Amino acid sequence: MKGRSSCRPPARSFVSSADLLKYAGYALVVLGCGIVTYFSYLFPTDALHKKSAPLPEDLHAVSYWCGHHKLHSCVLLQLDSIETLKEVLARCRMLVR
């Protein structure tokens with residue numbers, strides 16, 4: 001093996017500068033999303049939504065059974081049977097047409 005030269009590739013650093021910039025950009029995007037998410041959920045507890053219009057007097061707040069979701073509505077129907085539901089839906093469809 002006397003005449004054979006060693007053809008080893010040049011030593012490469014662990015992370016190239018292009019990869020370093022790419023991952024730094026990813027980190028900035030994730031950090032920016034986290035900051036925006038954090039500040040977008042900092043509403044006072046008495047604020048129902050961001051609208052500047054005054055809230056109606058007959059606004060009902062209905063909470064999901066586990067309390068994670070809330071619904072705010074002026075019309076709240078608590079139906080007792082499927083037939084009553086069908087009647088209400090038929091009336092609503094007539095109003096839409």
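The values are calculated or read from the model by the stated rules, or taken from the named source; none is laboratory data. Since this is a predicted model, take the numbers as computed values, not measurements. Please note: Cβ atoms are built from the backbone with ideal geometry, for glycine as well, and neighbour counts cover all protein chains shown.
Here are the numbers:
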| read-out | value |
| --- | --- |
| Checking Val15 against (1) surrounded by 10 or more Cβ atoms within 10 Å (Cβ to Cβ); (2) at pLDDT 90 or above, the condition it does not meet | (2) |
| Subset of the stretch 55-90 [in contact with a Leu (Cβ under 7 Å, 6 or more places away or on another chain) and in a strand (DSSP E or B)] | His60, Val62, His72 |
